[in-house]
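K.L.:
Handing you a structure now.
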Amino acid sequence: MAECDAEWELCKENIQPLRHGRTISALHQALCHQHEGNNTALNQKKQSYESELRLYEGDDPLDVWVRYIKWTKQTYPQGGKESNLSVLLQRAVRRFTDDKKYQDDIRYVELWIEFAEGCSDPMDIYRFMQAQGIGTMQAALYIAWSEENEKRGNLKMADSIFQNGVKCGAQPSEKLHAFHRALQARVCRQMMSSMTDQKKDHDDDEDGEGSEEPQRSSLVELKAKGKKKAVVPINRASASVGYARGLHFKQPLGPKQNSRLEIFDENKNPETEPQEPRLEIWTAPPTARAKENEQKPEKWTNVKLPLKSRSGLSVAVPPPLPTFQPFVEEDHQPPAVTPCKINPAVNSVLSARKPCRVQETPLKMLSQHTQHAAEGKPREQSMYCKELLYCGVIEFCFEELRAERYRQKLQTDRQTD
Amino acid sequence: MSLFGTNTGFGAGTTGVFGSATTDSHNPMKDVEVTSPPDDSISCLAFSPPTMNGNFLIGGSWANDVRCWEVQDNGQTVPKAQQMHTGPVLDVCWSDDGSKVYTASCDKTAKMWDLNTNQATQIAQHDGPIRTIHWITAPNYSCAMTGSWDKTLKFWDTRSPNPMMSLQMPERCYCADVVYPMAVVATAERGLIVYQLENQPSEFRRIDSPLKHQHRCVAIFKDKQNKPTGFALGSIEGRVAIHYISPPNPAKDNFTFKCHRSNGTNTATPQDIYAVNAISFHPVHGTLATVGSDGRFSFWDKDARTKLKTSEQLDQPITACCFNNTGNIFAYASSYDWSKGHEYYNPQKKNYIFLRNATEELKPRNKKW
C-alpha cells in the first residue's frame, strides 16, 4: 500500500477532474488495481452492478444507475473507452426517457447534462430535453445549456435561456439568478475590454502593420522557415473549441475587431442561432457521437497515378532481384513458431478491413424512427427478454440471468435461516 | 452402478411408446419419454462414447443434479445414478472410455464422476460459474477443458488442484466445442476464438463473428477424412452460421441460415424470432439438428443447404439435444430456458427428455441411390 500512496502523484495527468471531486481512497484503490493489473475485483464489482440493474425490484431503479455511474467515474480515473462511461450514460438516460416520475429528478437531469457534455453537439440534447419536458423545472439544465451557448459565443441566446428558465420557474431559483447575474457581469466586462481593444487596434492600425495577426502571449514570435515565407497562424484550434472565461474572453464568431464593415459570408456559421428554442417533436434522443479516435474518412489526395504500361494493363513491376546472396550466419536458426497444424498456409495475418459503419447522426436516427412509425409494425420481433439481456453496458445470456437470480435466492434463504 | 434412491419410485415398465393417448402438446412428436427426468430445467445432455457397450445418457439440470440413464435397444430408459453439485449444472461430458463423467457447475467447480464407484471428486475451480467442460485426449496429454464466466479457459489433468494451463479470454465464455485437435470457444460480445490442441493448447485464431447477435451454441463438424474442419454457430436471434476454418473460397463456403422463427411469409404480422439453444451434428451423416426457444427441433443438411425436417411445436422451449454415437437416437430436452425472464418461469411445469429415432430423418436427401 505504501508504494500505492505515491501512485496518484505519478498519474496526476491521467486523472480526469470530476465536478464533485474524487474520494482519495477510491482513487488510491483504482490506481492500485491498475498498477497490479488486478481486474478480477473490478470485474466482479461491475458484474454485481450489472446484475443489480436487471434484478432490481424496488421503486427507484434510477438509484442503481446513479450508483453504478458514480462508481465507474471513481474507478476509472482516466475515463476513456475502458470505463464505457458514455455508453453507460446513454443507456441510463434512454431508459427513463418516458418515465414521468424522473422528469424533474435532479439526479436524472444531471445524468442528461453529463451525457450532453460528452456529445459532439450538446445543444441538440438540451433542446430534446426541453421538448420532452425533462429537467425543465431544474435550474441545472438552464445553467448547462446557457454555458454551452456562451462557449460558442452566442451570448444573446445564453441570456435568453436563463430568462426562459426563470419564466418556467426552475428551482432552485437563487442559483439560477446567481448564474444569470454572473453571465451578465461577464458580458459587460467583455464588452468593456473589447471596446478598449478596439481602440488600441485602431491606434495600431494607424501605426501601419502587424496588428492583424494575434501575438503569442508566451514564447517567441513564430518565424518562417526555409524559402517559403508562410507563417503558421498562431491560433490553430477551431474557434468553438478555444474557450476562456473571464478577462481574456474573446468573441470567437464576432466580426474582426479592426474591420468596420461586416461582410456577410455564407460559409461562416450564422452568428445567432434561433432566438427562441424551437419546440420540435423529438421522438428519439440523439446519439452520443463524441467517440474517441474516430476519424471521418476523407479523400486523401486528388492525384491519380497515371497508368504507365502501354498495353493498358497496369502490371506492377517486381523489384529487380539482388545480384548477390545475402549473408546468413552459420548458426542461424529460424525463430520458433507456435505449432499450428490445422492449416498454417491460410493463417492470414492481416484481415481485410471491414467497411465503415454509416455514422448515425441524431437526425438520421430521428428520420428512421419516424419511418418505422409510418410503416406501422416492425418486420421482425425478438421473442426473448432483450431488454434484460442488454440492460446495462455488458450483455448477459439467459443462463447468467438465471444464475444471478439463483444466487440471490440462495442468499436470502441463508439470511432467513 | 447404484440406482436412484427408491423414493423416485418408477418401474421399468413406465417408459415405452405412449401412442396417441396424449392430447396435450408436451410431446407432439410422439417420442419416447425418458423416465424420471430432472426436477428443473435441463441444461445439457450427452450420450456415452462408442467405447462403451450400450447407450448411456447423462443430463445435467438447474436442480443441481446430474443423472445417468441407460437407454435400452427397445427404447426403454432405466435411471442408473445421480450426483449432486451445490449449484446448477451447466455442462457435462464423457471421458473417452466412458468410465467417467465430467460436470461443470454454477458453484464454480467442476467434478469428475467415476461411474464405477459412483464417487465424484472436484477437479477444477474457477472464480466464476463454469459454463462449459470438454474432455481432451491428445497423444501426449489428456485433460478437461473448462470455460468460465470469469473470462478464463483452463485445462486440468484431474489430479492437481492447479490447472496445467490457463488462457485468458476477452470475454465470458458462452459456449464451446472440442474435436481434437480443434477447440472453438464463443464468448460474450460476439467473440469467437479457435484453439489448436496439438502438443499443448494454444490460441490459433480469433474470428470476426459471422453473426450479428449474441452467441449461444457452437458445434464442430468434420470433413470426409473425419478431421474437424469448421463449426456451426447459433445465435440468440434465430440464425446459424456455418463457418469453415480454412475454406478454399470463404465467400462461397461460409454462410448463415435462418431458423427457429415463425412463418415470415405473412407480412401482416411481424416474424417472431427465437433463440437457437443447441446444435448437434449427426455422427454418421454429418447433418445437423438445431433446437430452439420456440419449442421446435429442426434437421438440416449443411452441404445441400436444405432443411430436412422441422418438428411440431412443443409447449416448452427445447434446451438441449444430442445424438448417440451410432446416430440412431436423437435426444432432446423440453424445459424452460429463461428466454423470457423469471416471470415466465413455472416451477410446477414438468421437464421432459425425449428420444427419437434418427436413422432415417437425418439422411442427406440428395444422395443417389
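K.L.:
Which ones in the stretch A:115-130 are of a type in the set (Asp, Glu) and either touching a strand residue (DSSP E or B) at 6+ places or on another chain (Cβ under 7 Å) or without any contact (Cβ under 8 Å) to a residue 40 or more places away in the chain (or both)?
P.N.:
A:GLU117
K.L.:
Picking from A:ASP63, A:ASP59, which residue would you name as being open to solvent by 10 Å² or more (accessible area, probe 1.4 Å) and in a loop (DSSP other than H, G, I, E, B)?
P.N.:
So the residue among A:ASP63, A:ASP59 that is open to solvent by 10 Å² or more (accessible area, probe 1.4 Å) and in a loop (DSSP other than H, G, I, E, B) is A:ASP59.
K.L.:
Further question: Quick one: which residue in B:SER166, B:SER209 is touching a residue at least 12 places away in the same chain (Cβ under 8 Å), assigned to a loop (DSSP other than H, G, I, E, B) and among the small types (Gly, Ala, Ser)?
P.N.:
That would be B:SER209, the only listed residue that is touching a residue at least 12 places away in the same chain (Cβ under 8 Å), assigned to a loop (DSSP other than H, G, I, E, B) and among the small types (Gly, Ala, Ser).
K.L.:
Take residues that are in contact (Cβ under 8 Å) with a residue 40 or more places away in the chain and tell me which of the strands (runs of 3 or more DSSP E) falling wholly in the stretch B:271-369 contain 3 or more.
P.N.:
B:276-281, B:288-292, B:297-301, B:306-310, B:318-323, B:329-334, B:352-357
K.L.:
Across the stretch A:152-167, which residue is nearest to A:PHE96 (Cα to Cα) among those that are touching a Pro at 6+ places or on another chain (Cβ under 9 Å) and not β-branched (Val, Ile, Thr)?
P.N.:
Result: A:ASN164.
K.L.:
Turning to a different aspect of this structure: Determine whether the stretch A:383-397 contains at least one residue that is more than 22 Å from A:VAL64 (Cβ to Cβ) and more than 7 Å from every other protein chain (Cβ to nearest Cβ).
P.N.:
no
K.L.:
So, in the stretch A:77-94, how many residues would count as being without any contact (Cβ under 8 Å) to a residue 60 or more places away in the chain and surrounded by fewer than 20 Cβ atoms within 10 Å (Cβ to Cβ)?
P.N.:
Of the residues in that region, 2 qualify.
K.L.:
Another one. Scan the stretch B:111-128 for residues that are part of a strand (DSSP E or B) and either within 14 Å of chain A (Cβ to nearest Cβ) or under 14 Å from B:SER160 (Cα atoms) (or both) and jot them down.
P.N.:
If the condition is that a residue be part of a strand (DSSP E or B) and either within 14 Å of chain A (Cβ to nearest Cβ) or under 14 Å from B:SER160 (Cα atoms) (or both), then B:LYS111, B:MET112, B:THR121, B:GLN122, B:ILE123, B:ALA124, B:GLN125 are the ones that fit.
K.L.:
Name the single residue that is nearest to the chain's Cα centre (by Cα) among those in the stretch A:111-140 being of a type in the set (Gly, Ala, Ser) and under 17 Å from A:GLY165 (Cα atoms).
P.N.:
A:ALA140
K.L.:
Whether any residue in the stretch A:8-26 is modelled with pLDDT under 85, assigned to a helix (DSSP H, G or I) and buried (at least 18 other Cβ atoms within 10 Å of the Cβ) is what I want to check.
P.N.:
Just the residues of the stretch A:8-26 that are modelled with pLDDT under 85, to begin with: A:8-26.
Those left that are additionally assigned to a helix (DSSP H, G or I): A:8-10, A:12-14, A:24-26.
With the extra rule that they be buried (at least 18 other Cβ atoms within 10 Å of the Cβ), the set shrinks to A:8.
Yes, the stretch A:8-26 contains at least one residue that is modelled with pLDDT under 85, assigned to a helix (DSSP H, G or I) and buried (at least 18 other Cβ atoms within 10 Å of the Cβ).
K.L.:
Return yes when B:ARG131 is within 11 Å of another protein chain (Cβ to nearest Cβ), open to solvent by 10 Å² or more (accessible area, probe 1.4 Å) and within 23 Å of B:CYS44 (Cα to Cα) and no when it is not.
P.N.:
Considered against the rule, which asks whether it is within 11 Å of another protein chain (Cβ to nearest Cβ), open to solvent by 10 Å² or more (accessible area, probe 1.4 Å) and within 23 Å of B:CYS44 (Cα to Cα), B:ARG131 comes out as yes.
K.L.:
Hey, can you tell me all the residues within the stretch B:342-362 that are crowded, with 17+ Cβ neighbours inside 10 Å and touching an Asp or Glu at 6+ places or on another chain (Cβ under 9 Å)?
P.N.:
Selection gives B:ASN351, B:TYR352, B:ILE353, B:PHE354, B:LEU355, B:ARG356, B:LEU362.
K.L.:
To continue, here is another question. Which of the residues that make up the stretch B:145-163 are in a strand (DSSP E or B) and either in contact with an Asp or Glu (Cβ under 8 Å, 6 or more places away or on another chain) or of a type outside the set (A, V, I, L, M, F, W, C) (or both)? Don't jump to the end; show me each part of the working.
P.N.:
Let us first name the residues in the stretch B:145-163 that are in a strand (DSSP E or B), namely B:145-148, B:152-156.
Within the stretch B:145-163, B:THR146, B:GLY147, B:SER148, B:THR152, B:LYS154 qualify.
K.L.:
Taking the stretch A:133-188 on its own, how many of its residues are surrounded by fewer than 21 Cβ atoms within 10 Å (Cβ to Cβ), in contact (Cβ under 8 Å) with a residue 12 or more places away in the chain and within 21 Å of A:GLY118 (Cβ to Cβ)?
P.N.:
4
K.L.:
Can you tell me which residue is nearest to the other protein chains (Cβ to nearest Cβ) among those in the stretch B:204-245 that are over 21 Å from B:ARG131 (Cβ atoms) and of a type in the set (S, T, N, Q)?
P.N.:
B:THR229
K.L.:
Which one is nearest to the other protein chains (Cβ to nearest Cβ), of the residues in the stretch B:340-353 that are over 17 Å from the mean Cα position of the chain (by Cα) and among the polar types (S, T, N, Q)?
P.N.:
Checking each candidate, the answer is B:ASN346.
K.L.:
Among residues belonging to the stretch A:39-76 that are without any contact (Cβ under 8 Å) to a residue 24 or more places away in the chain and aliphatic (A, V, I, L, M), point out the one that is nearest to the other protein chains (Cβ to nearest Cβ).
P.N.:
A:ALA41
K.L.:
Next question, about the same structure. Does the stretch B:212-228 contain at least one residue that is surrounded by fewer than 17 Cβ atoms within 10 Å (Cβ to Cβ), of a type outside the set (A, V, I, L, M, F, W, C), in a strand (DSSP E or B) and over 19 Å from the mean Cα position of the chain (by Cα)?
P.N.:
No, there is no match, as no residue in the stretch B:212-228 is surrounded by fewer than 17 Cβ atoms within 10 Å (Cβ to Cβ), of a type outside the set (A, V, I, L, M, F, W, C), in a strand (DSSP E or B) and over 19 Å from the mean Cα position of the chain (by Cα).
K.L.:
Moving to a separate point now. For the stretch B:176-203, enumerate the residues that are within 9 Å of chain A (Cβ to nearest Cβ), free of Cβ contacts under 8 Å to residues at least 60 places away in the same chain and buried (at least 20 other Cβ atoms within 10 Å of the Cβ).
P.N.:
Of everything in the stretch B:176-203, those that are within 9 Å of chain A (Cβ to nearest Cβ), free of Cβ contacts under 8 Å to residues at least 60 places away in the same chain and buried (at least 20 other Cβ atoms within 10 Å of the Cβ) turn out to be B:PRO181, B:ALA188, B:VAL194, B:GLN196.
K.L.:
For the stretch A:97-110, give me the residue count where each residue is open to solvent by less than 10 Å² (accessible area, probe 1.4 Å), under 21 Å from the mean Cα position of the chain (by Cα) and farther than 21 Å from A:SER160 by Cα.
P.N.:
Our first condition is that a residue be open to solvent by less than 10 Å² (accessible area, probe 1.4 Å); within the stretch A:97-110, this holds for A:102, A:108-109.
Right, trim to under 21 Å from the mean Cα position of the chain (by Cα) and you get A:108-109.
After this cut, where a residue has to be farther than 21 Å from A:SER160 by Cα as well, the list is A:108.
Number satisfying all stated conditions: 1.
K.L.:
Among the residues of the stretch B:136-152, which ones are within 14 Å of chain A (Cβ to nearest Cβ) and either among the aromatic types (Phe, Trp, Tyr) or over 20 Å from B:ASP107 (Cα atoms) (or both)?
P.N.:
Residues satisfying the conditions are B:ALA138, B:PRO139, B:ASN140, B:TYR141, B:TRP149.
The values are calculated or read from the model by the stated rules, or taken from the named source; none is laboratory data. Bear in mind that the values here come from a model prediction, so they are computed numbers and not experimental data. Glycine also receives a Cβ, built like all others from the backbone with ideal geometry; neighbour counts cover every protein chain displayed. Heavy atoms of the whole protein, side chains included, go into the accessibility calculation; ligands, DNA and RNA do not. Shrake-Rupley method; radii C 1.70, N 1.55, O 1.52, S 1.80 Å.
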